[in-house]
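Values in this text are rule-based calculations from the coordinates and carry no lab data. Since we're looking at a predicted model, the values are computed, not measured. As a convention, Cβ positions derive from the backbone with ideal geometry for all residues, glycine included, and neighbour counts pool all protein chains shown.
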Ligand code: IPE
Ligand code: IPE
Ligand code: MG
């Protein structure tokens, strides 16, 4: 029996889903699933039961997303701070994660056929390594090529680089903070904070969050577009300044020969692209090595 695909929407849910789908839909939604322990307390059940129902709610939410045509979902399952909880609770959460996510991974292959992508992010101690590597490599790169280091390069260095930024981020339980989750990637996302506790999350809560995204869609889109435009402009200005300097070194007047300028500009862009690819490949190798070592240690 499938963990995600079983169960369809009721008639009324389907009706509302169709209305919502007539508007702009988020392609990528991120969830901070918060409030499991408060839920357990409220319902007078064991804490572990709250976490278990939280995982089951994730399965149900993924199903709603699938029905709504949302193909990409990222969830925050565990933060580095959560290691400070009691050993019993951390072990319980890890057991649940092992059970439920292995089921999810089994289904991933099947879901891929429907163009669905699920990413589970934990705030494991991978970040310090990333940042160390990134800074060390960037320092080497900036020695000669300051222009290479840009916001777009930083984007490409993140684990999330092969996926678009979330359009919508939802946090439940009334907490109004991101707790270090996707800080860079959500700078132009619609942030929705809902008071419902995660195990009680409903299809209607999801619809409400999507409606809020739709109400803010134009402003979000405008902000994103102008940010991308500004980035392009900045890169162009830096390249122009580099070419001007080069032309001056070659003895041309500051505006130089326009054909020579164009050729230099093209060469400068192509060479930068090559250096960046090399840098990203090296970073990828370091990450693969790190993961391999991590698996060997934990095996
Ligand atoms: C979120 O619920 C799940 C995890 C952090 C693993 P909590 O466990 O934080 O529950 P509350 O927020 O204390 O109610
Ligand atoms: C962290 O949850 C985010 C997750 C749901 C995994 P917490 O409930 O521990 O959040 P903070 O640390 O209080 O912000
Ligand atoms: Mg919490």
Seminar exercise, completed: Expected sort for 90-96, 195-201, 74-80 on mean C-beta neighbours within 10 Å, highest first, is 195-201, 74-80, 90-96
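Exposure proxy check: 181, 252 ranked by fewest other beta carbons within 10 Å? Please report the intermediate quantities before stating the final value.
Details: 181 20, 252 15.
The order, fewest Cβ neighbours first, is 252, 181.
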Exercise. So how long is each side of segment 1-77 along the principal axes, counting just the alpha-carbon atoms, biggest first, in Å?
Worked result: 41, 25, 25
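Fewest Cβ neighbours within 10 Å first, please rank 44, 285 accordingly. Write out the running numbers ahead of the final one.
Numbers: 44 7, 285 10.
The order, fewest Cβ neighbours first, is 44, 285.
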For this session: Quote to one decimal, in nm, the extra length available between residue 229 and residue 45 on full extension: 0.36 nm per residue of separation minus the C-alpha distance between them.
Result: 61.0 nm
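What Kirkwood hydrodynamic radius do you get for segment 44-97 when you take the inverse of the mean 1/r over all pairs of distinct Cα atoms, in Å? Working shown, then result.
Values: mean 1/r = 0.0793 Å⁻¹.
Every distinct Cα pair counted, the radius reaches 12.6 Å.
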Exercise. Fewest first, what order do 243, 45 take by the number of other Cβ atoms within 10 Å?
Worked result: 45, 243
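If you scale each eigenvalue of the Cα gyration tensor by 5 and take the root, what three semi-axes come out for segment 172-299, rounded to whole angstrom and sorted largest first? Write down the numbers at each step before the final one.
On the way: eigenvalues 402, 142, 20 Å².
For segment 172-299, the semi-axes come out at 45, 27, 10 Å.
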